[in-house]
1. Restricting the stretch 30-83 to residues that are assigned to a helix (DSSP H, G or I) and small (Gly, Ala, Ser), which is surrounded by the fewest Cβ atoms within 10 Å (Cβ to Cβ)?
2. Can you pull out the helices (runs of 4 or more DSSP H) entirely within the stretch 106-180 that have at least 1 residues that are in contact with a Gly (Cβ under 9 Å, 6 or more places away or on another chain) and modelled with pLDDT under 80?
3. Condition test on residue 60, is it of a type in the set (Lys, Arg) and free of Cβ contacts under 8 Å to residues at least 24 places away in the same chain?
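The values are calculated or read from the model by the stated rules, or taken from the named source; none is laboratory data. Remember, predicted model here, so these are calculated numbers, not experimental data. Glycine also receives a Cβ, built like all others from the backbone with ideal geometry; neighbour counts cover every protein chain displayed.
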Amino acid sequence: MSFFAILQATLFTLIIYYRYDSSEPNWNDVFSTITWMILVTFSATLMGLMLSSLVDKPEKVMSIVPISLIPQIMLAGVVAKITNPVVEIISYFTIARWGTEGLSIIQKEVYSEYPVQESSGGLTNIIDSGNQIKNQFHSSYSDNFGDLTNSIELDFTFILMLSSIFFISIFIALKKKDSL
């Protein structure tokens, strides 16, 4: 499963890279983006396997998947700003949050369709994508992590921690199902 997920993430990243390679702002470091996508994809595969290992029938997994994916999307900080410190802490346990932030840090610059500064006069500006995604999170994010806030090291650490939790959960769930 990881092989196909990694292949899909690599192809998707390369397609996006070639589509937007000559546009402004420039695509930053496609190799780092592919590497980050592989890490996030591997972690997401482990999450899917964990959900599968917790139930006994495929039909049950299919009913659990949307319940686990919707919070991933909502807590990533892209759809809606996180304004509550409790929700902020819950978002720390989602792959999408750290994956999105990591991609923002790697990309560094993106277009904004809204004026960031009134003096700019235009409707589109090139802005720092890392700070833009950081602004989507509650102020407790900066308080909780200090200098590590909005750093790829923090994102990498959380992705590895979540992957480890998923792996251990898979091991425990399968051991409980083992009849020996």
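1. Residues of the stretch 30-83 that are assigned to a helix (DSSP H, G or I), as a first pass: 30-54, 58-74.
Then drop every residue that is not small (Gly, Ala, Ser), which leaves 32, 43-44, 48, 52-53, 63, 68.
On the way: 32: 15, 43: 24, 44: 22, 48: 18, 52: 18, 53: 19, 63: 10, 68: 14.
Among residues in the stretch 30-83 that are assigned to a helix (DSSP H, G or I) and small (Gly, Ala, Ser), the one surrounded by the fewest Cβ atoms within 10 Å (Cβ to Cβ) is 63.
2. 129-134
3. Details: of a type in the set (Lys, Arg): yes; free of Cβ contacts under 8 Å to residues at least 24 places away in the same chain: yes.
Criteria met by residue 60.
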